[in-house]
Structure formats: C-alpha cells, structure tokens
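Scroll down for the structure; my scribbles are underneath it.
The values are calculated or read from the model by the stated rules, or taken from the named source; none is laboratory data. Just so you know, these numbers come straight off a predicted model, no measurement behind them. Note: ideal-geometry Cβ built from the backbone for every residue, glycine included; neighbour counts use all protein chains shown. Ligands, DNA and RNA are excluded from the accessible area calculation, which covers all protein heavy atoms including side chains. Shrake-Rupley method; radii C 1.70, N 1.55, O 1.52, S 1.80 Å.
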Amino acid sequence: MIDNTYDYVVIGGAQAGLAIAYHLKQQNKNFIVIDGGKEVGGSWLSRWDSLKLFTSTEYNHLPGLKFNAPKGHYPSKIEVANYFKTYVTQFEIPVKLNTLITAVHKTEQGFHLSYKDGKMAAKNVIIATGPFHIPYTPPCHTKISESILQMHSNFYKNPSQLQDGDALVVGGGDSGYQILNEISKDTTRTVYFSGDTNVKSIPQQILGKTIWWWFTVVGFLSFSKYSWIGKRLYTSTQPVIGTDVKEILSRKNVIPVGHTKDALNEKLFFENQHISTIKNIVWATGYRPNFSWIEGLELDANGYPKNYRGVSNIQGLYFIGLPWMHTRGSATLGGVSKDARYLASEFAKSSD
Ligand SMILES: Cc1cc2nc3c(=O)[nH]c(=O)nc-3n(C[C@H](O)[C@H](O)[C@H](O)COP(=O)(O)OP(=O)(O)OC[C@H]3O[C@@H](n4cnc5c(N)ncnc54)[C@H](O)[C@@H]3O)c2cc1C
C-alpha cells in the first residue's frame, strides 16, 4: 500500500538534500526529505570526535542562511549538525527521519520508494545520499588475527577505542593523516603508517589568507569537470589540506612502512618488511559507492550514476552531492549551493 504521493522526494537530509530542499520550498513544491538517520546532522555526528572542518565558516554556507560563526573559524562536527538543525527549522523543511529507503523503482507515473514500514510514491526523486557509502577495507584484512583490533576510519571516534600496544594507520588521504596525527600524539605508542609519504599537503593559511580563499581566487573550486583544466584536476591526486604531514612523519614514534601488501595472523606484510607487534589497525582506505537499490540506473566506470549536473538519464530522477558532479566543490558544504541552484532551475521549468 502506498502511504503518500509527493511531487518531489529528496532522499538524504544532510547538506546536499537540505540545499535542494531550500529551493523546493522557495518554489512551493509538494515535497518531503527522507533520511535513514535518527537526527538531522547524523552523518556528521557519526564522524570522529575531534573532527574539525577543513573549510572555514565563510566556505560553509548553504543557500539562504549563513553559517553562524566568525570568519576564519574551523567548525566542529557538532556545529555543522546544529547548523543543519537550525536550517530545517528556519525554512520549515519537512524531514521524515528513521526511514531508510531500500529500493527505488520507476513506474508509469513516476517512482515507488520502499522502506521497512511501507512504500511511498513520487513524481520526481532527488538522490542526496552522500558521496561516501560502503567503507572499503583491503581483502587481506580477513586474514588478520582476531587479537588485533581493526576498524575502518568510518567507525573511528578517538584513541580510547584502541587497545594497548602498537598501531597501524593505513591510508594517506585527509582522514588517514588526521587520524595518524591524533593517535601518534601519545608518544608511548609506536604508530606505523602505510600510505603515500610524498603526498602534497597544503596549509590552512597562506600569506594571511585561508587556502579556500586562494582556491576561490584561482577558480580551483569552480572549474567544470567538462573543461580541460577541470578534467586535469578531476583526475589528479588531491592534496591533504590543513594537516602538517611533514611534522607528523618526523615524529619519533611514527614509522612509515610503505604499502600494505598482505597479512597472516599477527604478521602484516609491507613493501620491504613484515611486522608482528601491531595490536590496532585503522583502515582509512576510503569508500565505494552503492546505488544498487535504484532500479535501472546506468553507472560510470567509477560506480557513480551517469548524469549531467545531477540530471540522470531516467526521467524524473536527479542527483546532488556526488563527488565532482560538476566541479571540485560539488561535494563540499560551500560548493553544493551552485549545483542546487542549477537543479532548481530545471525544476522551475516543470509544472509539478
Ligand atoms: C571526514 C570528512 C571530513 C570532511 N570535511 C569537510 C569539510 O571540512 N568541508 C567540506 O565542505 N566538506 C567536507 N567533507 C566532504 C562533504 O562535505 C561531506 O562528506 C558531507 O557529509 C557530504 O554531504 P551530503 O549531504 O552529500 O551527504 P552525507 O553527509 O553523507 O549525508 C547523506 C544523508 O543521506 C542519508 N541516507 C543515505 N542513504 C539513505 C537511504 N537509502 N535512505 C534514506 N536516507 C539515506 C544519510 O542518513 C545521511 O543523512 C568531509 C567529508 C569527510 C568524510
């Protein structure tokens, strides 16, 4: 039985879903935002405790409401969640929580959406379920002894989760370096690091201006992925922002070991050595996309839906918040507004 019919259903009620909801509200559309979480801001709150945004206040505004903090301040995850809560209240955005959509399928009139307790219908569906879905851990993790504590960065909160003894952090992106930084502050613990030690790192401030100011000035965040320069940026390795990689790697208790090759019980194999004293592993090894619950979707080589600026090749099905959906900024707080504006201009043409 169908519970309800809407002209627009937005699946996902974090920044991307809220940014498009703002426009739907402005256009007086009949819509609802559905989220599987138990509270608005849940996706941010589930990240590690000490997380500070790498974008300062002035680069975190969603459409219609400024992020309420001083310029130059790097907010905590709690401040972001509170900002979302205020946003929902201020714009009276209808949000249905605790409702994980498990299937979307196309009908003659639009779509049917299934969830645990029922089904709803929508003429149009906007998928805003985030850029990161399934935590990825290399296959060799299954060969590791149960006496070693393993967790993906998705489940890392703080060093108190670790047991006594040496640790290994795998992954040289922003998350890997931030977690390595935090764990290795306890100088009594040896922390092995498996990842790229030659990664480019960019400080938060250069010549008194934030890095995001410079990015904006040179247009780094707004080159379309369809432009030649955008294509180059899109395929290049992203630098680590705001973490002093050199300083962390110079700590006496931090030991780079190259790539993790294999494992067997207590033994971890790296490029030129193996180590048997590791008691904790944090895998900061990224995520894989999952859109398998949306029927009939065509995916690109990276597993993301084929689309142009969020308009998919299924009539009435849209996306927002995908990484590099249009520019480097597409999956950032400050950058999602532009994509939301574009999609909203598409909706404004419709009589729904
Ligand atoms: C560690 C980390 C730090 C970051 N720091 C910054 C930063 O400093 N600045 C910045 O601009 N960006 C940052 N980002 C990037 C980006 O802004 C975030 O990933 C952001 O959370 C993406 O927002 P989103 O709305 O697209 O998706 P998400 O925040 O992932 O939210 C998706 C929502 O969809 C819901 N959902 C998912 N599937 C379903 C379903 N099937 N049914 C119903 N609901 C569903 C979830 O419950 C969730 O609420 C960071 C990302 C990470 C991982």
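Data table
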{"read-out": "Selection from segment 240-272 of residues that are touching a residue at least 40 places away in the same chain (Cβ under 8 Å), assigned to a loop (DSSP other than H, G, I, E, B) and either closer than 25 Å to residue 210 by Cβ or open to solvent by 40 Å² or more (accessible area, probe 1.4 Å) (or both)", "value": "242, 243, 244, 251, 252, 259, 266"}
{"read-out": "Conditions (1) open to solvent by less than 30 Å² (accessible area, probe 1.4 Å); (2) within 11 Å of the ligand (Cβ to nearest atom); (3) in contact (Cβ under 8 Å) with a residue 24 or more places away in the chain; (4) outside any loop (DSSP other than H, G, I, E, B): number failed by residue 131", "value": "(4)"}
{"read-out": "Residue identified as buried (at least 18 other Cβ atoms within 10 Å of the Cβ) and more than 13 Å from the ligand (Cβ to nearest atom) among 156, 192", "value": "192"}
{"read-out": "Test: residue in segment 162-174 that is part of a helix (DSSP H, G or I) and either on the phi > 0 side of the Ramachandran plot or of a type outside the set (Phe, Trp, Tyr) (or both)", "value": "yes"}
{"read-out": "Matching entry among 241, 179 (being under 15 Å from residue 280 (Cα atoms), within 20 Å of the chain's Cα centre (by Cα) and not small (Gly, Ala, Ser))", "value": "179"}
{"read-out": "Subset of segment 334-345 (residues that are open to solvent by less than 10 Å² (accessible area, probe 1.4 Å) and either more than 23 Å from residue 232 (Cα to Cα) or assigned to a loop (DSSP other than H, G, I, E, B) (or both))", "value": "340, 343, 344"}
{"read-out": "Test result for residue 349, basic (Lys, Arg) and modelled with pLDDT under 95", "value": "yes"}
